[in-house]
Amino acid sequence: MSSRLSSRVYNTAALEVWFNNVGLDWEQSFARETLRRGREIYRQGQISGVELADDEAIVHCQFARKDTCYAVIEWTAQGPKVRSSIDDDALGEAVAVGGIYEIEELIADEIDPLPYEPKPAEAEQASEDTAESEPEVPVDDTPARRLTPQLEGLRSGLRLTAYWVNEDFSREPAFRSDGVPMHSSEREILVRLTAKARESGFQFRRESNDYILYDPERIAPFFSHTLKRWENVFSFIDLDLEAQRMAEGVREVKVIGRVESAGKEQMRVDWRLKLGRQWLDPEDAERLAKAGRGTHVVRGLGLVRIGEEQSAALAEWRVAAATNQEAAQTWPRYMVFSLFSERGAELDLEEELSEWRNHLLEQDCDDEKALPEFLRDYQAQGVRWMAKLRELGCHGLLADEMGLGKTLQVLTLLQYYPHAEKDSLIVCPASVVPVWESEARRWYPEIQTEVLSSGNDFSQKSLGAPRLWIASYTQLRRHKHLLDAAQFGYAVLDEAQQIKNPDAKVTQACCSISAECRLALTGTPIENRLLDLWTLFRFLMPGLLGSRRRFEEALDSENTKFRDSFVKRLRQQLTPFILRRQKDKVGKDLPPKVEMDLICPITALQRQTYENLLDRGRDELGDDLQSAMQTQSMHFFSLLTRLRQACCDPGLIPEVHADIQQSGKIQMLLTRLEDALSGDGARKVVIFSQFVSMLKRLKPLLKEAFPKVALLELSGRTKNRSKPVDTFQQTKGPAVILVSLRAGGTGITLHAADYVFLLDPWWNPAVESQAVDRVHRIGQDRRVFVYRMITQGTIEERIQHLKKEKRELFESTLGHLGSAKDLAEHFGDLEELAKLLPPES
């Protein structure tokens, strides 16, 4: 508290009036926020003066900026009434509150222990004419009684009363309003008790003539610190049994959830709290479970607290509970794993649920159903794994690497473990719809497929066998209004990373699907961040990963130890529901994949174009990378794109007119193609780029350089995607296909190729892997060479280093399911990210 140098103007009569005023429960006349601000003004010593009159008080206040103001407090039958010189009424009232606390301090310092009795006018006048000496104080020899504060523990808090102990040990209440006269020393000590009660947070209750402390967070420090100071003033303090229990300190209760079966796929959770060996009363347990963190008063036990981790577990459970609209106490069984992931929550599972959980955790499936012989062993295992999840009322993510046959596994599941009376639904990118149709016809022609469109939707009931609906994400979003009335057996999201944005309309449409069993398929479950995974499981098993806010807070935590612990627990939590196999582990019949970086020289024109772009970017954005990404993100990413284009082909920059062969990268590509396409054998090459304009510029150059080689193109503008793909696959001689990275990332097979060139590799390894796996997949019988073309000394080299770090992170988090960090976390400024470095000597 700041030292006070306030001026105080008053007379004895006014002091007595204000003593009576502040003795009332005046704090109830102000809002809680006003009281908080007023206390702060008082503690900071900003009250510069008080003037007391019988009917009002003037409070002067001076803030740090030297502005002065005042508030006038008029005491009425309803309590204090405030007017001030400040336009802000709330601040004016806060100044008045600070002034009242200042008046309380003044009274404690100056008021006489005896009640004030005004003298007759003539005697007072006579005294003024005499010498200025202090009047004699009459001696009051009435014997003083002993004041004993009494503390009682209540269910709602701590109650303070007091009583006088007479010489014959009889008792009289201390707080009374009947005007019974008091001895001067008695009056003084009662004033002192009242002040101390207010300092400790007690509030006066007029109706019961007592004080009560409601806040359990203040009760514990009252007993541990304040009570000792009270004992120095009052010879004895009376504590009842409940107050004695509170004085023992705060004890931590243990949260235990009793989980019982509520049907084949449901469970019921009954939260119980335990202190030592004693179980809390169910009513108290429910109250504390709802309140969560903090200190609480429990009758018979004193002060108890739910630990931070246990409180977090309960909070997460309440968030998950918000998704359950059917019943207040019944939840999907998979929520057992959500709670087990929280360190603070202990579950007591009944025997049947414990067996269910153990069965789900078992890696081996005991299903002996005969599956088709054309399935590879790992594919049959995947089918049985999905069937087991369905049997146990759970849902899963099949995250096999690209090219391991996820489509075939799902079609086998639908054929051999059907929902006899319900249609099923596959949702996929529009480019992949024909793939599902053709794969169904190839492997299981008896499956009746329907493609969702404006003239053909699942509101039309089938009279025959259940159908397999195939819908693009776009068509599903357009038909979202039909989903409430539709019930599916299986609902499968293919290329499920399409719903990685939790706020997108297509994500909301997918999460509206009602199905007995939900599955997600993707070889890249996380393209950029772990929130992608949260969104997938929002579709699969709502509530399992808790709230989006808490999930993001954990990932963004600056506490590295906490963040790493969270990711570790997340991995454990999701293990039963994710199946991921890698080609190098299960695809034994696949030939090896050789990957290498081709460092390409930079031409003089490229160097000049690159440096001009970087200089212009520094002028526009400054060198603060973090600031540029936050405040000018569009300009920042536009600059990055232009720099990458300069690395590939300076002719891609609008103001630069250059032949494509003035690119060092294109010169290197032509040399490598000469080696790949010459000699014996029908070599086939796939060239990927994100820049369609570059592929357009490259195409005539390749026609001229390799006139006898079949040259094909696939981009987002290609209407019939299957035509160039089929031609490339079936051509007997050498062939080259130019593919835009996004258009060729999903839904096509190019395993006839044995060379892949990535002209402009970007920072996201997941997108790049999708493209490469179009070639290196089941059916490939030759070694595949993958070349990433990197322009020396440029941003591309720095991004490649970043990508390698991301790959390590990607593989260390969720077993090849991971997250990417911001560019700003890896590069301190724009210069460090993009500066053109001289070639190494």
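Bear in mind these aren't lab numbers, they're just calculated from the coordinates by the rules spelled out. Because the structure is a prediction, the values reported are computed rather than measured. Cβ sites come from the backbone with ideal geometry, for glycine too, and all protein chains shown count toward neighbours.
Here is how the numbers come out for the structure above:
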quantity: Three-way shape call for region 7-116 based on the alpha-carbon gyration tensor, with the a/c threshold at 1.5; calculated: prolate
quantity: Cβ-derived FRET efficiency at R0 25 Å, Glu309 paired with Ser354, nearest 0.05; calculated: 0.65
quantity: Pairs of lysines in region 525-604 (C-alpha under 29 Å apart; 8 or more residues apart or interchain); calculated: 4
quantity: Residue-by-residue Karplus 3J(HN,Hα) for region 222-230, coefficients 6.51, -1.76, 1.60, Hz, glycine and proline x; calculated: 4, 6, 7, 10, 5, 4, 5, 5, 4
quantity: Estimated D of region 444-501 in µm² per second, where Rh is the Kirkwood radius over Cα pairs and Stokes-Einstein applies at 4 °C, 1.567 mPa s; calculated: 102 µm²/s
quantity: Extension gain, Asp556 back to Glu368 (0.36 nm per residue minus Cα-Cα distance, nm); calculated: 63.2 nm
quantity: At most 12 other Cβ within 10 Å, DSSP loop - chymotrypsin sites (Phe, Trp or Tyr not before Pro), region 372-417; calculated: Phe374
quantity: Among Ser453, Ala387, Leu425 - extreme Cα towards positive end, dipole of region 364-486, charges at beta-carbon; calculated: Ser453
quantity: Sequence-distant lysines (8 or more away, or on other chains) whose Cα lies within less than 18 Å of Lys388; calculated: Lys264, Lys369, Lys406
quantity: Gyration tensor (alpha-carbon) shape descriptor, region 470-573, a/c threshold 1.5; calculated: prolate
quantity: Partners for Lys480 among lysines (Cα-Cα distance below 22 Å; same-chain residues under 8 apart left out); calculated: Lys422, Lys461, Lys500, Lys505
quantity: Equivalent ellipsoid, region 366-586 (semi-axes from 5 times Cα gyration tensor eigenvalues, Å); calculated: 29, 22, 15
quantity: Formal net charge of residues neighbouring Lys505 (Cβ-Cβ distance under 13 Å; K, R +1; D, E -1); calculated: +2
quantity: Of every Cα-Cα pair in region 144-247, the percent that sits beyond 19 Å; calculated: 40 percent
quantity: Extended-chain gain in nm, criterion 0.36 nm per residue less alpha-carbon gap, Glu421 and Asp377; calculated: 12.9 nm
quantity: Which of His657, His183 has the fewest Cβ neighbours within 10 Å, and the rest in rising order; calculated: His657, His183
quantity: Computed label-point distance, nm, for sites Ala90 and Lys708 using a 7 Å Cα→Cβ extension; calculated: 8.4 nm
quantity: Centre separation in Å (Cα based) which lies between region 193-241 and region 421-469; calculated: 73 Å
quantity: Gap separating the Cα centres of region 530-588 and region 278-314, nearest whole Å; calculated: 30 Å
quantity: Two-site FRET efficiency, Asp503 against Thr641, from Cβ-Cβ distance with R₀ of 35 Å, rounded to 0.05; calculated: 0.90
quantity: Per-residue HN-Hα couplings for region 593-609 [Karplus 6.51, -1.76, 1.60; θ = phi - 60°; Hz; x = Gly/Pro]; calculated: 10, 9, 10, 8, 9, 9, 7, 9, x, 9, 7, 4, 5, 4, 4, 5, 4
quantity: Amide H contacts under 5 Å for Leu493, placed H, 5+ residues apart; calculated: Val427, Leu519, Ala520, Leu521
quantity: FRET E, pair Lys290, Leu154, Förster distance 22 Å, beta-carbon r, rounded to 0.05; calculated: 0.65
